[in-house]
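Only the coordinates and a few stated rules stand behind these numbers; no lab work does. These numbers were taken from a predicted model, which means no experiment stands behind them. Cβ sites come from the backbone with ideal geometry, for glycine too, and all protein chains shown count toward neighbours.
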Amino acid sequence: MVGSYAKLAGPGIGGGATFGFYAGVLYSFPMFYAMHLLFNGYTSELAWINTVYQIIVYMIVGATAGALNKARPLAPQLGDGTARSQLSRLEGINEPTSRRSPRMLR
């Protein structure tokens, strides 16, 4: 399902709502239809009402998650100054303390 999210839905509120719609359909329709078939007195109208309600709830939750998880920029490349400074800070971290440079001991 996550693979389909990457293809169908983009980042942000709209992407989250799209994913919520598809997740709600795939989850709630079979569940409520099976409940209609298994339990006496659980009508098909009630199954449809619950299915639509559940899809709306999934869309709201998906839109909320999409709003919190906005598009992020790509990770810095190795040639970038920030990545290089982080790598230089980490080099020698497994070496004995006597061989570390003074700047590594900060």
Revision key, fill the gap. In order over region 21-33: 3J(HN,Hα) from phi, Karplus 6.51/-1.76/1.60, θ = phi - 60°, whole Hz, x for each Gly or Pro, gives 4, 5, 5, x, 5, 5, 8, 7, 4, x, 5, 6, 5
Check your understanding: Ranked highest first by average number of other Cβ atoms within 10 Å, how do 48-54, 18-24 line up?
Key -> 18-24, 48-54
**Study point:** Spacing of the two label points (7 Å from each Cα toward its C-beta) at S44 and N69, in nm
**Key:** 3.7
Exercise for review: Could you pull out every residue, at least 5 positions away or on a different chain, whose amide H is within less than 5 Å of the one on G10? Hs are placed 1.01 Å off N in the peptide plane, and Pro or chain starts have none.
Suggested key: G15
